[in-house]
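Step one of this worksheet: look at the structure below.
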Amino acid sequence: RMLENAGYMVLEACDGPKAVSLADEVEGTMGLLLTDLVMPGMSGLDLAKRLRDKWPELKMLFVSGYTWDMVEAHGAPGIRQSLLPKPFTDDALLRRVREILDVRR
């Protein structure tokens, strides 16, 4: 709701497989995937890989309550620049979303 109130169009899914199914229905492009690293049914990293097949330029923002060491130990090294640790404020999330969307590939 907070992202929508800030003017972003948001597609919401309760888990990775539903997100993939929802993404299959999207025509055109998506600008950003915002996902938790740990979710039921599919990890955030696996979801990101699946969606990157459809949208190679898709930008990513991962959130996690795990420490950096735990994130890296679970197969996600190198995502520090795309990770927002929990808990975070609404302002912190909006700021990171804007920063990531403004970065050119």
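Cβ-Cβ contacts under 6 Å between residues 6 or more apart (or on different chains), taken from a first residue in the range 37-60 that is closer than 15 Å to residue 71 by Cα to a second residue that is part of a helix (DSSP H, G or I), are listed as 37/44; 39/16. Can you name every residue in the range 74-94 that is outside any loop (DSSP other than H, G, I, E, B), open to solvent by 80 Å² or more (accessible area, probe 1.4 Å) and at pLDDT below 90? Across the range 74-94, the qualifying residues are 80, 81. Of 59, 86, 54, all but one fail to be basic (Lys, Arg) and over 22 Å from residue 104 (Cβ atoms); the exception is 86. The residues of the range 6-18 that are open to solvent by less than 80 Å² (accessible area, probe 1.4 Å) and either in a loop (DSSP other than H, G, I, E, B) or touching a strand residue (DSSP E or B) at 6+ places or on another chain (Cβ under 9 Å) (or both), listed by number, are 6, 7, 8, 10, 13, 15, 16.
Taking the range 19-73 as the range and being open to solvent by 40 Å² or more (accessible area, probe 1.4 Å), in a helix (DSSP H, G or I) and in contact with an Asp or Glu (Cβ under 9 Å, 6 or more places away or on another chain) as the test, the residues that pass are 22, 54.
Every residue in the range 10-44 that is among the hydrophobic types (A, V, I, L, M, F, W, C) and out of contact with any Leu (no Cβ under 9 Å at 6 or more places or on another chain), please. Passing the criteria: 14, 38, 42. Among residues of the range 82-100 that are touching a residue at least 24 places away in the same chain (Cβ under 8 Å), those with a beta-carbon under 7 Å from a residue that is assigned to a helix (DSSP H, G or I) and loosely packed, with under 15 Cβ neighbours inside 10 Å at least six positions away or on a different chain give the pairs 90/2.
Here residue 1 does not qualify as touching a Leu at 6+ places or on another chain (Cβ under 6 Å) and modelled with pLDDT of 90 or more. For the range 38-60, a residue qualifies if it is in contact with a Lys or Arg (Cβ under 9 Å, 6 or more places away or on another chain) and modelled with pLDDT under 90, and exactly one does: 41.
The values are calculated or read from the model by the stated rules, or taken from the named source; none is laboratory data. Computed from a predicted model, the values in this text were never measured in an experiment. Every residue, glycine as well, gets a Cβ built from its backbone with ideal geometry; the counts of neighbours run over all protein chains shown. The protein model used for the area step is the full one, side chains on, heavy atoms only, and it has no ligands, DNA or RNA in it. Shrake-Rupley method; radii C 1.70, N 1.55, O 1.52, S 1.80 Å.
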